Amino acid sequence: MKIPFNKPFLSGNETKYIEEAVLSMKISGDGIFTKKCHAFFEEKYGFLKCLLTTSCTDALEMAAILIDIQAGDEVIMPSYTFVSTANAFVLRGAKIVFVDSLPDHPNIDVSKIEALITPKTKAIVPVHYGGVACDMDTIMELADKYNLFVIEDAAQAIDSFYKGLPLGGIGHLAAFSFHETKNIISGEGGMLVINDDQFAERAEIIREKGTNRSQFYRGEVDKYGWMDIGSSFLPSDIIAAFLFAQLENLDKIQAKRIASWNAYYELLKPLADQNLFKLLHFDKDKTNNGHLFALIMPNLEERTLLIDFMRKKGILAVFHYLSLHKSPFYKEKHDGRTLENCDNFSDTLIRLPFYYELTQEEIEFICNSIIQYFDER
Ligand SMILES: *Cc1c(COP(=O)(O)O)cnc(C)c1O
């Protein structure tokens, strides 16, 4: 059996909608399908305003521009995350203040944030790892108290909730990803969510090369011009057409992914109960959106052995983030604090194959291989 780590899922209407977008002869940005996608998210999750972008990375870069990051401003975020979370702010001259993860989940340990806030702190960027919410109540309270912005990196967090609130709808701004490794995809793609009205108008301008072309298209102004800094952050309507086909199947995709997650959990929980490895812990007020399934091995050596064992059986399991505070680019810039839990996840976390079409038979094969690994060890 050959089991890849990820497999993009086509829900059916992707090529049909792409053809429609092409034949409409309006294939640049903000066409019919882009508008349909914006409306979908605004209606389903109650987000104030949504703007499709070419990636989550771009949405984060837009957020950094919107909150007016200046050289020397400090931005607080976990170290256990993708480079774009940090890079978007570094591009504008920010200093990143990395925070450790929780002991039992890669999410930011909110109890460590307040001590790191200085007069230069401008924002907190929580990353909802594996689609599981960070402790947003504490983060929003700190933001209120110190007058900071909160930008949710919700790249993995589509259709996930914290105390009943949709992730991406809690911070002032949020960024989603539709990269082919995420739950809902468009190849490359992303979205900026604006929950604070003060950013709504400027976000459109920044996304359209610093011009007010969006207002012009709506007939609100009779010519458009250069209003602000900006870049080309909007995707072609062909990308939005693909994405809309996925969105029409969002509930089906989510139900299937959560069923796969539950199947893994049922088969692997007994091994976790024997302390052979740990599973990620999260409280009941946070939902699981079936983005990934991870094991925490006792150490780096055991992780390498298990990944190799599975590879020989044709199963591709992978590790995840390397601590950003130890990266070749940032290690000299980091303030030297050790981030023990983050480093531990870098060394010991394994992600098992996870994709829409994963079958019960494949899940059983994967779990039996893990059982066999521990039996033969
Ligand atoms: C995938 C991911 C990103 C980047 O998304 P792109 O759409 O590829 O730019 C950023 N942050 C996190 C946490 C991610 O998982």
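Here, each number is a calculation from the coordinates, and none is a lab measurement. All figures in this text were calculated on a predicted structure; none of them were measured in a lab. Cβ atoms come from the backbone with ideal geometry, glycine included; neighbour counts cover every protein chain shown.
Values as computed for the structure displayed
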item: Among 321, 129, 330: highest mean-square fluctuation, GNM of the chain, C-alpha pairs under 10 Å; result: 330
item: Nitroxide proxy distance, nm - points 7 Å out along Cα→Cβ at residue 312 and residue 24; result: 5.4
item: Volume per residue that the Cα convex hull of the chain spans, once the total is divided by residue count, Å³; result: 137
item: With 5 Å bins from 0: P(r) over the range 33-94, alpha-carbon pairs, percent; result: 4, 17, 21, 20, 15, 14, 9, 2
item: Fraction of beta bridges assigned by DSSP in the range 14-247 that are antiparallel (%, nearest 5); result: 50
item: The chain: most fluctuating residue of 216, 242, 176 per GNM, C-alpha cutoff 10 Å; result: 216
item: Gap separating the Cα centres of the range 242-293 and the range 108-146, nearest whole Å; result: 25
item: Loop-located chymotrypsin sites (Phe, Trp or Tyr not before Pro) in the range 1-48 whose Cβ has at most 15 other Cβ within 10 Å (DSSP); result: 5
item: Semi-axes of the equivalent ellipsoid for the range 307-376, Cα gyration tensor, largest first, Å; result: 33, 13, 10
item: Hull volume in cubic angstrom per residue (convex hull over the Cα atoms of the range 81-146); result: 89
item: Compactness of the range 56-193 as Cα Rg over 2.2 N^0.38 Å, two decimals; result: 0.95
item: Those aspartates and glutamates that a straight Cα-Cα span of less than 16 Å connects to residue 333, excepting residues fewer than 8 apart in one chain; result: 73, 74
item: Debye log10 I(q)/I(0) at q = 0.10, 0.16 Å⁻¹ for the range 1-109, Cα point scatterers; result: -0.50, -1.00
item: For the range 250-376, alpha-carbon Rg and Dmax in angstrom; result: 16.1, 48
item: Candidate lysines - alpha carbon under 16 Å from residue 269, same-chain residues fewer than 8 apart omitted; result: 278
item: Within straight-line cross-link reach of residue 44, aspartates and glutamates at Cα separation under 16 Å, skipping those fewer than 8 residues along the same chain; result: 159, 248, 251
item: Nearest-0.05 FRET efficiency for residue 181 and residue 91, computed from C-beta distance (R0 22 Å); result: 0.45
item: Alpha-carbon centroids, the range 39-94 and the range 200-224: separation in whole Å; result: 20
